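Here the structure is laid out as structure tokens; the discussion comes afterwards.
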Amino acid sequence: MSRPFTKISGSARQRLGGRIVLAVCMDTLMLLGLAYWWLENLAQELFGTALFLLLVRHIYRNRSWFRNIVKRHYGLRRTVIVTFHAALALNMAALLATSLAISQSLFAALPRPDSAVLTEIHWFSWAVIAIGCHVGPHWSRIGAITSAALDLPPATPAQTRS
């Protein structure tokens with residue numbers, strides 16, 4: 001049985017570690033962005049802006065996935081994953097659009113429509129659920145990358161339960 005990511009060079013290990021750090025930073029910024037009522041508006045907008053900048057980096061790093069989206073056979077698993085990714089992309093696009101529209105600090109110079117609906121859409125975004133659906137199918141790969149980046153021994157089948 002082949003074990004992925006077990007014999008990698010130091011530079012590859014750093015790149016893998018960078019992927020994990022990027023994901024952890026994005027998750028942290030998402031959680032901080034949810035703390036609107038405990039933060040000032042400016043802090044929440046800064047966290048959200050940083051999140052979207054890291055999201056652009058994440059999409060760039062995974063651009064080969066987008067290139068291969070139509071090249072492979074679609075089984076049930078792949079169809080579900082692509083559907084989750086499409087839902088996440090739509091959700092994040094809506095979050096970005098409403099963020100720009102309701103900004104009170106960073107993008108205050110932009111014309112603001114006077115609509116409570118935009119605020120409601122922004123508040124009740126399903127981004128956290130969509131992110132969970134995005135991470136879930138990739139969890140075993142995330143574990144393998146993290147183990148390799150931290151130079152941990154590969155997990156045994158009893159530890160993974162995939």
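Every number here is computed from the coordinates shown, using simple stated rules; none is lab data. Keep in mind that what you see is a predicted model, and the values were worked out from it rather than measured. Cβ coordinates were reconstructed from backbone atoms using ideal geometry, including for glycine residues, and neighbour counts include every protein chain displayed.
Along the stretch 65-77 the Karplus relation, 6.51 cos²θ - 1.76 cosθ + 1.60 evaluated at θ = phi - 60°, assigns HN-Hα couplings of 4, 5, 5, 8, 5, 9, 8, 10, 5, 9, x, 4, 4 Hz to successive residues, with x for each Gly and Pro. Modelled spin-label separation between Arg67 and Ser105, with each label point placed 7 Å from Cα along the Cα-to-Cβ direction: 3.9 nm. Compared with the direct C-alpha span, the chain from Leu96 to Arg77 gains 4.0 nm at full extension, assuming 0.36 nm per residue. The ranking of Thr79, Thr28 from fewest to most other beta carbons within 10 Å of each one's beta carbon is Thr79, Thr28. Each label point was placed 7 Å from the Cα along the Cα-to-Cβ direction; for Trp123 and Val21 their separation is 3.8 nm. Can you tell me the orientation of helix 10-33 relative to the chain, as the angle in degrees between its alpha-carbon axis and the longest Cα principal axis, to the nearest 10? Value to nearest ten degrees: 30. Sparse packing (at most 16 other Cβ atoms within 10 Å of the Cβ) combined with a DSSP loop state is found for the following chymotrypsin sites (Phe, Trp or Tyr not before Pro) in the stretch 106-142: Phe107, Phe124, Trp126.
Whole-Hz Karplus values for the stretch 46-60 come out as 5, 4, x, 5, 4, 4, 5, 5, 5, 5, 4, 5, 4, 5, 4 Hz, taken residue by residue from phi with 6.51 cos²θ - 1.76 cosθ + 1.60 and θ = phi - 60°; glycine and proline positions read x.
With a cut-off of 14 Å, note down the residues of the stretch 33-50 whose backbone N falls inside the zone around a label point 7 Å from the Cα of Val135 toward its beta carbon. Under 14 Å, as judged by backbone N against the label point of Val135, lie 33-34 of the stretch 33-50. When the convex hull of its Cα atoms is viewed from all sides, the chain shows a mean projected area of 12.3 nm².
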